[in-house]
């Protein structure tokens, strides 16, 4: 299995299970098939092939996993990059950057009549930008665990309200 992320103007995931971009899925499936064929014919060659793919993707833009799971180090590497960026730019700069990214996302939250792959890609990119900026603010304010706990508590409360019919009876959706 090959998982990957290409960070550019548009963001996409590559996986052999199917996804948004057929051509990228076909490339991932082809690489998976090549690895599997190598394993059957020459396990040493399969290891070399896997090592080659891993070397090509050391920068984190693509992750190789022969068992179909997303390797744990991708999350750790992403977190490390978040910490490095937060430390490099500092709190004041990242607060302004977060505001800028949230403003860009708010424009894309409007109701558009015609769904568009380009609009979808833009929303995904802006959501990712906001997600990364919020993570960096949590790092800089040293409140990651508290925010995670609060988010979980709020979702538990929201689910309780849904199950009780609170919203169906005209209950406020604020603070959910």
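Observations on the structure shown:
- Any hit, the stretch 46-69, residues being modelled with pLDDT of 80 or more and more than 16 Å from residue 136 (Cβ to Cβ): no
- Which listed residue, of 156, 139, 162, 124, is within 20 Å of the chain's Cα centre (by Cα) and farther than 14 Å from residue 79 by Cβ: 124
- Residue, surrounded by the most Cβ atoms within 10 Å (Cβ to Cβ), within the stretch 146-176, restricted to residues that are in contact with a helix residue (DSSP H, G or I) (Cβ under 9 Å, 6 or more places away or on another chain) and assigned to a helix (DSSP H, G or I): 147
- The set of residues in the stretch 72-118 being modelled with pLDDT under 80 and surrounded by 14 or more Cβ atoms within 10 Å (Cβ to Cβ) consists of 74 alone.
- Close pairs (8 angstrom Cβ cut-off, 6 or more residues apart or separate chains): without any contact (Cβ under 8 Å) to a residue 12 or more places away in the chain in the stretch 94-120, in a helix (DSSP H, G or I) anywhere: 112/119; 119/108
The values are calculated or read from the model by the stated rules, or taken from the named source; none is laboratory data. Quick caveat: nothing in here was measured; it's all calculated off a predicted structure. Virtual Cβ from ideal backbone geometry, glycine too; neighbours counted across all protein chains shown.
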